1. Of all residues in segment 74-129, how many are at pLDDT 95 or above, closer than 27 Å to Glu7 by Cβ and among the hydroxyl-bearing types (Ser, Thr, Tyr)?
2. Any residue in segment 229-250 that is surrounded by 17 or more Cβ atoms within 10 Å (Cβ to Cβ), touching a Ser or Thr at 6+ places or on another chain (Cβ under 7 Å), at pLDDT below 95 and among the basic types (Lys, Arg)?
3. Scan segment 149-163 for residues that are in contact with a Leu (Cβ under 6 Å, 6 or more places away or on another chain) and surrounded by fewer than 24 Cβ atoms within 10 Å (Cβ to Cβ) and jot them down.
4. Any residue in segment 201-222 that is under 17 Å from the mean Cα position of the chain (by Cα), aromatic (Phe, Trp, Tyr), crowded, with 23+ Cβ neighbours inside 10 Å and part of a strand (DSSP E or B)?
5. What number goes with the only condition from (1) among the charged types (D, E, K, R); (2) in contact (Cβ under 8 Å) with a residue 12 or more places away in the chain; (3) touching a strand residue (DSSP E or B) at 6+ places or on another chain (Cβ under 7 Å) that Glu156 does not pass?
6. From the list Arg135, Arg145, Arg175, which residue is free of Cβ contacts under 8 Å to residues at least 60 places away in the same chain, touching a helix residue (DSSP H, G or I) at 6+ places or on another chain (Cβ under 6 Å) and either more than 14 Å from Val223 (Cβ to Cβ) or surrounded by fewer than 19 Cβ atoms within 10 Å (Cβ to Cβ) (or both)?
7. How many residues are under 30 Å from Glu153 (Cα atoms) and either hydrophobic (A, V, I, L, M, F, W, C) or surrounded by fewer than 24 Cβ atoms within 10 Å (Cβ to Cβ) (or both) when one looks only at segment 98-129?
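The values are calculated or read from the model by the stated rules, or taken from the named source; none is laboratory data. Please read all numbers here as calculations on a predicted model, not as lab measurements. Methodologically, a virtual Cβ is constructed for each residue, glycine included, from the backbone with ideal geometry; neighbour enumeration extends over all protein chains shown.
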Amino acid sequence: MPATVLEIRRYPVKSMGGEALDRVDLDARGLVGDRAYAVVDGDGRFAAGKDSRRFRRRDEVFRYGAVTASDGTVRVGREDARRSDRWAAGDVALDEELSGGFGDPVQVLLENGTSHFDARSVSLVGTATLAWCARELGVDADRRRLRTNLIVETAEPFEEEGWVDHEVAIGPVGRSVRLAVVERVERCRTIDLAQDGVPTRTPWLKALGGARELCVAVYADVVAPGSIAPICGGRTSSCGRPTRICGGHAQRGDFLCFLGVSSCAGGSPGHRTLLRTSSGKSGIGQKQRFTPRRKPRRRQGDEAVGAGADDRSIGSVTGTDHTEGPL
């Protein structure tokens, strides 16, 4: 069965609120424009929800949001302010606004040498996983707290963990974006914070530590770049839901085929998409149980407080410093 991509989210400035997209291009480093900028202090450390070698905890950064204007300019504003009260990323006035709020001189800078990503280039989570966390852990499991790029409709909790060490294809055969799912995402305190339009805190991290080894969502790398666009025939679907395209036959929702050979309903046998293993062979997926998997290996370089994943950024592949999860 194909899984529907329900939402695409991008975070133009690391640790700030993000934007939902109708279309996005992916290249070797991830979603184009994702975590392109970061708030950087005089020591070269990035504003985040945790402390580490690369990051400095500055919870104030989560009070801001960033969007991409039609001309490609990234605009930043306080989430409680009017839409007109925004500054362009790179504007001295924005640096002064943030420096005053942080009580420390900072600048909003494009990635240059050191990756803004915590670890891998793309992250995704299943809806069944979010529902399980809300039901079983009794927390506000709003998907925006995880800062993932793709929210995928799934049937089983933690189903996406069964895609680790496999490739998934999104989009029409022959023109799909292909992702290699690499590992689970270990979380940090960021998921508990008010952020990205979510106004309240929640004790998700502690509950997640007892039940799931702090892990929720998965990381992936881009194997074949391209575009993901929840549109039908160049137009937003009239139902307002995403559009799935398979072998030229348009249906609702861009899809992610992960159970071996899957054909679209209404499509001919030639309209098929394969999940391929890292060896290039088609993989026949099995129904996944959400039993705990081994904890992700600790990466070198960052001894983070609650090390894990809560923010990722747009970074060039060259010179990346993959050390932890997304912010």
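1. 3
2. Checked segment 229-250: at least one residue is surrounded by 17 or more Cβ atoms within 10 Å (Cβ to Cβ), touching a Ser or Thr at 6+ places or on another chain (Cβ under 7 Å), at pLDDT below 95 and among the basic types (Lys, Arg).
3. Ile151, Glu153
4. yes
5. (3)
6. Just one listed residue meets the conditions, Arg145.
7. Residues flagged as under 30 Å from Glu153 (Cα atoms) and either hydrophobic (A, V, I, L, M, F, W, C) or surrounded by fewer than 24 Cβ atoms within 10 Å (Cβ to Cβ) (or both) within segment 98-129 amount to 7.
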